[in-house]
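The structure appears below as structure tokens.
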Amino acid sequence: MMKSPFARPGRRARRALALALAVATVASLAACGTSNNSASGGEVELRFLFPEYSAKTTPLMKTMVDDFNTANKGEIKVNLETAPWDKMHDKLAVSMGSDQAPDVFGYATRWISEFAGLKQLAPLDDLLTADFREGFNQKVLDAGVYEDKTYGLPVAVSARLLFYRTDVLEDAGLSAPETWDDLMEAATKSANPPELYGLGVPASGIEVDTFFNYFLYNNGGDILDADGKSMLSEPESVEALEFLTDLVKSGGSQPEPSGFTREQVIENFKAGQLAMYPTGPWLTAMIKADNPSMKFAAVPFPTNDGKEQQTVSVTDSLGMSANGAHQAEAWKFIEFMYQPKYRQVFDETEGMLPELNAVAESAYYQTPEYKPFIDALATAKFQPQHPKFEQIQQIETVAIQKALSGLASPQEALDEATAKIDKL
Amino acid sequence: MPRSEPLVGLLFILPTVVLVGVIVFYPIVETALMSFSNVNSLAQREGFAGLANYQALLSDTVFLRVLAQTVFWTVAVVGITTVVSIPVALALNLNFHGRRLARALLIVPWAASLMINAIIWRWILDGQHSIINGTLMRLHLIDQPIIWLGSEGTAWAAIILVGILVSIPFTSFSLLAGLQSVPSELYEAAMVDGAGFWASFWHITLPLMRPVLIVTTLLNVIYVFNSFPIPWVLTQGSPAYRTDILVTYIYKRAFAEGQFGPAAAMAMLIFVLLLAFSLTFSHITKERAKVGIK
């Protein structure tokens, strides 16, 4: 037998090594499977999953969670987990599917019908005391109601207004647009391509459907009727998409909107390359940070002459797992989180609108930048609840892309969308 | 030898078997099961569905279009990459000053993650204030920015170009390795026989690079067919699925729409397609190699 520094170890040593490897493998696999819900010395552990709205979210939530853990030392310990917003649905769906849902979690309000239908969300009505309930903006609180039960408390409320550059519109001799005629005039007259385009129209990536809803809602249209059937082929909807298509064709936006995502259009607006773009209150903070000399204002989205004004509004929700072992403790944590001081710093930092009346009345939200958004919540229209809403959004997005890139007429594109939605 | 030797051997490979089993085989089995089941939006299987998910694909016009687009994308990227990589490999095989630097530079884009490459390209191709548009406008070659990712034609051109650029490093390095194994005596003998550059290229270089060409083409086809980051970051299929490939479409169906059943059926179909392609391709090339040796 050859002897070298790398000679094979003795039989016994080899067997021991192999056994050790095998044991280690099994042990590490077993460790993956064990639940981390084990309470030590009577302390209840809760898992709290919250989406990242910005880089500031995690430290912000950690401070609040630490305060709670200190106040409840020895009784409840909350473990904070955060995830990028666009991974939240995957993460929640996967954890729910494997019975590992967090005890408390943030999620998009439009997922309520899906998650509640799968019996994953706990109804909160019995836990909500009258006092606690009254602290909320009632219209915003109602966004979390599905089939007469409250499943989610509002968090990260936004209302979308039309931002416009006051200097550009003044130079064109125009005032803030109130009707669609004003909007068309402002979009085409203020443009000076390629340095400056009128209205930012993003038709790629996320929220293409939300963008179209500004037009749809302000023409008296809607996505779904009370029975969950598509209303996208109704004359109001077709007229809205025709208007948007005409606006693009008339040079009122960048040509070929399918080449632009929401993120790019926001960059373009901040860089002064767009005269108008509708979005949420966070844009104010972004402009102040990146282009502080820009002159801008925000107004409710224009309506087609005589139609009722509607403000596209989106909320996220905070909910409780229907299958959590410690619901009383979880609710205690939720009540703790909704103290005005925590909501105030969260809303201000993330550029969101207040869900609590106490926060809305604070000086910060009564400034000219924020007051219009708070007022606009009075005409707020939230996303519909439909168990397959994600699919509907996808179908609506495709219809808008087809019309805007000339692959189909608005009527054809929307008829196709209706056929697909009604088959779901 | 002691009788327990095979057992000890098994214990040694157990960690690998377990890891491969958990990470590779379990997902394949789960996907296969899903493709024959009704699946809810939490990806839980809810009963046997027979071939319903597969039948749904046949009536899905978007799926058929995306399948054709995927084949187009794969052939374009792999074909052009291979053609471009051969001269790159030949050049890098020459003796010249700065050869090491040139080789190192070629590796850099390969070392960066595909996602990062794709995100950078998204901004390079931006329709309003990108490097490309800015340069072309300053040179007065265009007077309006080109919205590269705005319409089907230019978007595909851009996606394929980026796909080629990120595939070149791997391909040319593999080919370079193949070139280095060609004995220089062959070229010297050919030169004595009066063969020029093209003659030795056709009769020595290409035939001897055949095995490495086959392997890189096979690997490239599999990588490119399944390449998610580039099409996803650049267009997300916009407008209306016209720039989707199968993997991005599967992702949309599964994770944006919660349609895990049909998505799993598509994933199985890709698996079978690529498996069939690999087997056929290696079979054909083996046959031809045998003939060549004779």
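Each reported figure results from applying straightforward, stated rules to the coordinates on display, with no laboratory input. Source: prediction; values computed, not measured. Reconstructed Cβ throughout: ideal geometry from the backbone, glycine too, with neighbour counts over all protein chains shown.
In percent, rounded to a whole number, the relative contact order of chain A is 23, using alpha-carbon pairs under 8 Å and six or more apart.
Roughly how crowded by other chains is peptide B:148-156, in terms of the mean Cβ count from those chains within 10 Å of each of its Cβ atoms? Don't skip to the answer; put the middle values down first.
Working: counts 2, 7, 11, 7, 3, 0, 2, 4, 0.
That average works out to 4.
The ranking of A:Ser321, A:Ser313, A:Ser95, A:Ser253 from fewest to most other beta carbons within 10 Å of each one's beta carbon is A:Ser95, A:Ser313, A:Ser321, A:Ser253. Under 5 Å from the amide H of B:Ala49 lie the amide H atoms of B:Ser37, B:Asn38, each residue being 5 or more positions distant or on a separate chain, with H modelled from the backbone and absent for Pro and chain starts. In terms of surrounding Cβ atoms within a 10 Å radius of their Cβ, A:Leu92, B:Leu105, A:Leu49, B:Leu273 rank from fewest to most as B:Leu105, B:Leu273, A:Leu49, A:Leu92. Across the alpha-carbon set of segment A:232-391, the Rg to Rh ratio works out to 1.02, Rh being the Kirkwood radius.
The largest-to-smallest principal axis extents of the Cα set in segment B:52-293 are 65, 53, 27 Å. Result for chain B in a Gaussian network model with C-alpha springs under 10 Å: among B:Thr61, B:Thr16, B:Thr235, the largest mean-square fluctuation is at B:Thr16. Based on the Stokes-Einstein relation at 20 °C and a viscosity of 1.002 mPa s, and on the Kirkwood radius from alpha carbon pairs, the protein assembly as shown is assigned a translational diffusion coefficient of 73 µm²/s. The loop-placed trypsin sites (Lys or Arg not before Pro) in segment A:149-185, going by DSSP, include none that has at most 10 neighbouring Cβ atoms within 10 Å of its Cβ. Here the Karplus relation 6.51 cos²θ - 1.76 cosθ + 1.60, evaluated at θ = phi - 60°, turns the backbone of segment A:167-180 into coupling constants of 5, 5, 5, 5, 4, 8, x, 10, 10, 4, x, 10, 10, 5 Hz, with x for every Gly and Pro. Backbone phi angles across segment A:185-195, fed through the Karplus curve with coefficients 6.51, -1.76 and 1.60 (θ = phi - 60°), yield HN-Hα couplings of 5, 5, 5, 7, 6, 7, 6, 9, x, x, 6 Hz in residue order; Gly and Pro are listed as x.
Restricting to DSSP H runs of at least four residues, report the calculated mean residue ellipticity at 222 nm for the protein assembly as shown, -39500 (n - 2.57) per run over all residues, nearest 500 deg cm²/dmol. Let's see the in-between values first.
On the way: 32 runs with 391 residues, N = 718.
After summing the helix terms and dividing by residue count, I get -17000 deg cm²/dmol.
Taking the DSSP bridge list for chain A and keeping only pairs wholly inside it, about 60 percent are antiparallel.
The residues B:Trp73, B:Trp202, when put in order of fewest to most other Cβ atoms within 10 Å, stand as B:Trp202, B:Trp73.
Could you list, in their original order, any pairs among A:Lys56/A:Lys87; A:Lys119/A:Lys388; A:Lys56/A:Lys270; A:Lys62/A:Lys371 whose Cα atoms are separated by more than 27 Å? Don't jump to the answer; show the numbers that get you there.
Working: A:Lys56/A:Lys87 17 Å; A:Lys119/A:Lys388 15 Å; A:Lys56/A:Lys270 21 Å; A:Lys62/A:Lys371 29 Å.
Violating the 27 Å Cα-Cα cut-off are A:Lys62/A:Lys371.
Shielding by partners for B:8-17, please: the mean number of other protein chain Cβ atoms within 10 Å of each residue's Cβ.
Numbers: counts 7, 2, 2, 10, 7, 3, 7, 7, 2, 1.
Other-chain Cβ atoms within 10 Å of each residue's Cβ, averaged: 5.
Please give every one of the lysines within straight-line cross-link reach of A:Lys189, meaning a C-alpha to C-alpha distance under 17 Å, and leave out same-chain neighbours fewer than 8 residues apart. Those lysines meeting the cut-off are A:Lys249. For chain B, the relative contact order is 29 percent, taking Cα pairs closer than 8 Å that sit 6 or more residues apart in sequence and dividing their mean separation by the residue count. In terms of the Cα gyration tensor, with a ≥ b ≥ c the square roots of its eigenvalues, is segment B:214-271 rounded because a/c is under 1.5, prolate because a/b exceeds b/c, or oblate? Verdict is oblate for segment B:214-271.
When the Gaussian network model of chain B links Cα atoms closer than 10 Å, the mean-square fluctuations of B:Pro15, B:Pro229, B:Pro211 top out at B:Pro15. Computed from backbone phi, the HN-Hα couplings of segment A:381-395 come to 10, 8, 5, x, 9, 8, x, 10, 4, 4, 5, 4, 4, 5, 5 Hz, rounded to whole numbers (Karplus: 6.51 cos²θ - 1.76 cosθ + 1.60, θ = phi - 60°; Gly and Pro given as x).
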